[in-house]
Amino acid sequence: VVYEQEGVFIHSSCGKNDDQDSLIAGILRVIEKENEVVVDWRPLDETLDTSNILCAGKDSSSVVEWTQTPKEKCSRGADRPSSYEAEWDMVTTVSFKKKPHSNGDATTHANGESKWSFLFSLTDLKSIKQNKEGMGWSYLVFCLKDDVKLPALHFHRGDSKPLIKCLEKHIALNESPHDERVLLVKTQKSLSQSFENLFDEPSYGLLQKWKKDPYIVTMGKFSKVTNYIVGSLRSSDPSTQRRPPSEMADFFNDTIPGLKINQQEEPGFEVITRIDLGKQPEVSRREPVSAEEWAKNMDSEGRILDVDYIKRLIFKGGLCHTLRKEVWKFLLGYFPWNSTKEERANLQKRKTDEYFRMKLQWKSVSEEQEKRNSRLRDYRSLIEKDVNRTDRTNKFYEGEDNPGLILLHDILMTYCMYDFDLGYVQGMSDLLSPVLYVMENEVDAFWCFVSYMDQMHQNFEEQMQGMKTQLIQLSHLLRLLDSGFCSYLESQDSGYLYFCFRWLLIRFKREFSFQDILRLWEVMWTELPCQNFHLLLCCAILESEKKQIMDKQYGFNEILKHINELSMKIDVEYILCKAEAISMQMMNCKELPQTVSEILGIENSLVTLDSDTGEDESGAELSCPTSRYQSVSTPVVAANGTRDGAQQTAETQSLTPA
């Protein structure tokens with residue numbers, strides 16, 4: 001309990017007669033739970049049994065219902081005087097006729113002495129209306145989303161300001177431009193809330209939040225929400241267990257506008273296109289790059305002698321941990337590859353000055369100034385909440401008053417000054433944490449994070465363009481790799497690959513152990529062996545799980561649950577080998593579709609490796625395909641416009657209905 005106030009009344013009858021019996025005294029509390037913050041009001045004489053709580057619920061007409069006793073039903077109705085503010089009770093918005101709740105948005109309870117108790121999560125709060133100062137005791141009205149208003153709470157013994165101050169620690173409140181009495185809850189269209197605050201919610205509310213904010217749902221533990229999602233998406237009638245693809249398409253297109261992924265629209269016809277990718281080659285990995293190997297590839301002034309060679313070594317084996325602090329600065333673009341040691345030292349001096357100038361900008365903002373800067377308040381609030389739950393099991397961040405947490409907070413706040421338009425969006429702390437862990441230096445970590453965010457920026461923008469593009473590209477790659485598996489996913493309403501959303505959003509940060517993420521990220525940062533290698537990693541994981549998903553005939557619910565439960569169970573070296581093998585398959589394909597060529601950036605390129613030794617000219621043992629950084633040969637194009645020697649096995653058939 002983070003806030004508690006007695007003497008908070010509900011006026012059950014607000015006519016002209018000052019009848020004390022119409023006032024219901026109660027206790028108002030704000031309670032922090034594991035996954036959410038709730039506001040709870042109940043009469044003083046009510047027990048602490050939560051089964052007595054009455055929650056607001058919606059029927060199909062969005063009418064709020066309260067369970068009332070028969071006597072109450074008779075005494076209240078349309079003949080109530082209308083000379084008072086409607087929000088003081090629920091007459092204008094409440095139906096006292098009990099109806100069954102088909103969507104499970106909330107629950108009403110008939111037991112208990114009082115039927116006025118209510119409980120709601122802050123994630124459902126839309127606005128708060130307060131009375132003007134100088135009008136007797138203060139009162140306020142909570143308005144939930146979908147314009148559901150709760151009974152007005154009257155503070156006979158004290159002020160409502162402490163409550164507002166408490167709520168502002170958890171949500172951002174801004175004064176309405178249209179009514180100074182109204183405080184609006186500000187939400188971001190991106191990652192606007194806690195990742196875990198949607199669990200244990202009824203299906204309708206959860207579905208609505210998925211449609212409004214797919215980031216939040218996918219960042220949480222899918223296993224706790226799949227039953228609710230599937231209950232909303234599917235009918236209880238067994239004959240209609242599978243929703244039509246067109247209906248699913250409409251749903252997900254509403255969620256992520258512009259997300260166009262091929263679904264089979266015609267029930268009786270199917271177009272089959274198959275391209276023979278050949279057998280996946282065997283791929284092995286090498287030991288991490290050692291300090292000795294790194295030093296050998298540097299001249300006396302500190303320049304890297306062969307950038308492509310060292311990148312290939314990193315791609316094949318990663319880095320030993322002692323090298324990461326230095327090499328990550330090159331991989332992320334903080335240090336230019338062709339710079340000397342002296343040039344890098346001068347760069348660090350300039351960047352240090354620049355960093356602390358930006359840090360001073362937010363450090364020097366007074367409390368009075370911040371009160372007039374709602375965006376900065378919002379950013380600070382989100383950062384403070386996220387920092388306190390980012391990688392807290394890692395020794396670098398564990399415990400109270402940990403210096404690592406302070407640095408994490410300060411870097412994220414300074415990034416808001418660097419890119420105020422984007423500011424801070426939840427999920428960004430996940431990207432910074434491993435970088436700061438490796439750098440162990442505030443300034444270096446900041447500029448490496450800036451470079452990383454340059455790559456990831458579109459993932460966090462309100463229009464979700466980055467996520468939209470990646471999901472569509474992943475669908476193209478998976479369809480080429482295994483069209484049968486794609487068709488199966490589509491048959492289970494899973495063809496949109498939304499279960500990969502979290503993978504893409506924060507680059508697998510929550511799917512692998514902390515140490516494995518260090519390895520995975522440094523391999524991806526080499527940008528080898530092709531563009532969008534992270535999408536091939538998604539393909540590798542999905543292909544690895546294909547047999548179990550199809551053999552056990554997993555449906556929508558089971559697929560979602562199964563993919564979520566892979567977290568922390570994936571072998572990073574195995575997946576890297578498999579993703580590399582898939583890249584070799586595609587790069588060796590002589591009839592690679594144009595779309596896939598563009599996604600991987602290998603158009604008009606073929607793989608060239610020494611077929612006998614599997615080594616490149618430098619002698620490094622490599623079984624990966626030649627990257628776009630190496631010299632490649634262009635295939636001969638025959639007179640008919642096809643590559644010489646290519647065997648086109650694409651086959652198109654039109655199947656008539658049975």
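Brief remarks follow.
- The set of residues from region 481-503 being over 19 Å from GLN426 (Cα atoms) and open to solvent by less than 20 Å² (accessible area, probe 1.4 Å) comprises PHE485, CYS486, LEU489, GLU490, ASP493, SER494, GLY495, TYR496, LEU497.
- Top-ranked residue in region 170-201 [being modelled with pLDDT under 50, charged (D, E, K, R) and open to solvent by 30 Å² or more (accessible area, probe 1.4 Å); ranked as nearest to ARG377 (Cα to Cα)]: LYS189
The rows are residues; the columns are (1) crowded, with 19+ Cβ neighbours inside 10 Å; (2) within 21 Å of the chain's Cα centre (by Cα); (3) in contact (Cβ under 8 Å) with a residue 12 or more places away in the chain.
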site: ASP391; (1), (2), (3): yes, yes, yes
site: GLU398; (1), (2), (3): no, no, no
site: ASP401; (1), (2), (3): no, no, no
site: GLY404; (1), (2), (3): yes, no, yes
site: ASP421; (1), (2), (3): no, yes, no
site: ASP444; (1), (2), (3): yes, no, yes
site: GLN455; (1), (2), (3): no, yes, no
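- Taken as a whole, region 505-515 holds at least one residue that is on the phi > 0 side of the Ramachandran plot and part of a loop (DSSP other than H, G, I, E, B).
- Selection from region 169-183 of residues that are of a type in the set (A, V, I, L, M, F, W, C) and either assigned to a strand (DSSP E or B) or in contact with a Phe, Trp or Tyr (Cβ under 8 Å, 6 or more places away or on another chain) (or both): ALA172, LEU173, VAL182, LEU183
- Residues of region 462-482 satisfying the condition of being part of a helix (DSSP H, G or I) and among the aliphatic types (A, V, I, L, M): MET467, LEU471, ILE472, LEU474, LEU477, LEU478, LEU480, LEU481
- TYR574 falls short on exactly one of the conditions (1) at pLDDT 95 or above; (2) open to solvent by less than 50 Å² (accessible area, probe 1.4 Å), and that condition is (2).
- Taken together, the criteria place GLU511 among residues that are farther than 27 Å from GLY278 by Cβ and assigned by the TED database to the domain that holds SER583.
- Residues of region 295-327 satisfying the condition of being touching a Cys at 6+ places or on another chain (Cβ under 8 Å) and open to solvent by 10 Å² or more (accessible area, probe 1.4 Å): ARG312
- For region 330-347, taking the residues that are surrounded by fewer than 16 Cβ atoms within 10 Å (Cβ to Cβ) and among the hydrophobic types (A, V, I, L, M, F, W, C), the one that is nearest to VAL523 (Cα to Cα) is identified as TRP337.
- Condition check for ILE506: open to solvent by less than 20 Å² (accessible area, probe 1.4 Å) and either without any contact (Cβ under 8 Å) to a residue 12 or more places away in the chain or in contact with a Gly (Cβ under 9 Å, 6 or more places away or on another chain) (or both): yes
The values are calculated or read from the model by the stated rules, or taken from the named source; none is laboratory data. Please read these numbers as outputs of a predicted model, since none were measured by experiment. Note that we place each Cβ from the backbone using ideal geometry, even for glycine, and neighbour counts take in every protein chain shown. Surface accessibility is based on the protein's heavy atoms, side chains included, excluding ligands, DNA and RNA. Shrake-Rupley method; radii C 1.70, N 1.55, O 1.52, S 1.80 Å.
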